[in-house]
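Trainee: Okay, here's the structure, questions in a sec.
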Amino acid sequence: MDSTIHILGLGNLGKLFAHSLATKPNPPPLTLLLHRPNLYEVTKVQGPKIGILYDGVWNWEGHYNAELVSMDDLPSPLEFKYISNLIVTTKTHKTAEALSMIKHRFTPSSTIMFIHNGMGVVEEVNKRVFPDPKERPHYLFGIASHGVYRTDDFTAVFAGHGSVILGDPRGDIEKTSHGSYLLQQVIESKLLGASEVPWNEFKLFQLQKLAVNAVINPLTALNDCLNGRIVESSMVEGMRSDFDGLISEISQVFCSLPELQGIPGSKERFSRESLRNAVLNVASATAQNRSSMLQDVTKGSETEIHYINGYIVRKAQELGIECPVNRRMVADILAIAAK
């Protein structure tokens, strides 16, 4: 098995994961997959370097290789190397397209680890990139709560130490050496603070993070405010109505999901009171932060709304539940982005 770990997506989390793996005592070979020719040209001139500022010091340690990926000219099988291990940190709406550029480099024994905010990405990847289950790579999933913000194409500031929670849908019995290798490499990267939890527990973490994002992201983007304003929403009439409506709808949808029936503690975890507390805790802890959706709206970039509130709306439709507030959040964010 090739021990190289490829990283697709050189955003904030991509840089943090690459740097964390590269600065281990015995780092694995690392290859950055770049889709912008200008970034690739920079790596040819100065070498692929990633700088992370943490504890007040810039750290440039670590060695990387870099490759340019493009749909323009897919090589023959003799001209490319297969990918055994891939970490994907691209934006949700760019993931399927990005993977389609390199789908010819995977085998069923490959492992892909998805690090994303929203949900619904894997269903899209399966439909567009790996439609045949027998030819599909194995998937791992991760949820990151670190605070990282961009300063340049190859630099970022590690502003808030959080953690990374990992989940493997196979469970312990079916694990192979391939998936275990990538899991172990990430867990051993001390800067990431990563740990694996049982799959059922991971699903609960994943949905809870989605719920928090589905409240904080659209409300801060639509009201052009910092996360801390959410904590004050009880004093702001318009936001209070939307806040309460989102919490109520998300609770109803999550408590009705068939895949959660029988999982201990799921009903309590997604009760309105529990969700409200979870959102307020995150908003309070990140009070001075600008949400990723607010940043996207400000820059005029495409948002991840389809994979956050949009995912909740789609699940509600499947369950026959009305979700007018979530539906309006999607429409309002799309309207802003279209301006």
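Trainee: Mind checking which pairs have a first residue in the range 28-56 that is under 11 Å from Ile7 (Cβ atoms) and a second that is of a type in the set (Phe, Trp, Tyr) and part of a helix (DSSP H, G or I), Cβ under 7 Å, 6 or more apart or different chains?
Mentor: Close Cβ pairs satisfying both conditions: Leu34/Tyr40.
Trainee: Scan the range 298-336 for residues that are among the small types (Gly, Ala, Ser) and crowded, with 16+ Cβ neighbours inside 10 Å and jot them down.
Mentor: Result: Gly310, Ala316.
Trainee: Within the range 28-49, which residues are out of contact with any Asp or Glu (no Cβ under 9 Å at 6 or more places or on another chain), modelled with pLDDT of 95 or more and part of a loop (DSSP other than H, G, I, E, B)?
Mentor: Within the range 28-49, Pro28 is the sole residue that qualifies.
Trainee: Here is a check on your reading of the model: is Leu280 assigned to a helix (DSSP H, G or I) and over 12 Å from Asn217 (Cα atoms)? So that I can check it myself, show each step before the final result.
Mentor: Working: assigned to a helix (DSSP H, G or I): yes; over 12 Å from Asn217 (Cα atoms): yes.
Here the answer is yes, as Leu280 does meet what is asked.
Trainee: Right, something else. Can you tell me how many residues in the range 101-128 are part of a helix (DSSP H, G or I) and either in contact with a His (Cβ under 7 Å, 6 or more places away or on another chain) or hydrophobic (A, V, I, L, M, F, W, C) (or both)?
Mentor: The qualifying residues number 3.
Trainee: Across the range 183-197, what is the number of residues that are under 19 Å from Thr111 (Cβ atoms) and not in a strand (DSSP E or B)?
Mentor: Residues of the range 183-197 under 19 Å from Thr111 (Cβ atoms): 183-189, 192, 194-197.
Now narrow it down to the ones that are not in a strand (DSSP E or B): 183-189, 192, 197.
Going through the range 183-197 one residue at a time, the tally reaches 9.
Trainee: Report yes if Asn200 is more than 30 Å from Leu30 (Cα to Cα), of a type outside the set (A, V, I, L, M, F, W, C) and either part of a loop (DSSP other than H, G, I, E, B) or modelled with pLDDT under 95 (or both), otherwise no.
Mentor: Against the criterion (more than 30 Å from Leu30 (Cα to Cα), of a type outside the set (A, V, I, L, M, F, W, C) and either part of a loop (DSSP other than H, G, I, E, B) or modelled with pLDDT under 95 (or both)), Asn200 qualifies.
Trainee: Right, here's the next one. Can you spot a residue in the range 316-339 that is under 22 Å from the mean Cα position of the chain (by Cα), in a loop (DSSP other than H, G, I, E, B) and of a type in the set (A, V, I, L, M, F, W, C)?
Mentor: no
The values are calculated or read from the model by the stated rules, or taken from the named source; none is laboratory data. No experiment lies behind these values; they were computed from the predicted model shown. Glycine gets a Cβ as well: all are built from the backbone with ideal geometry, and neighbour counts include every protein chain shown.
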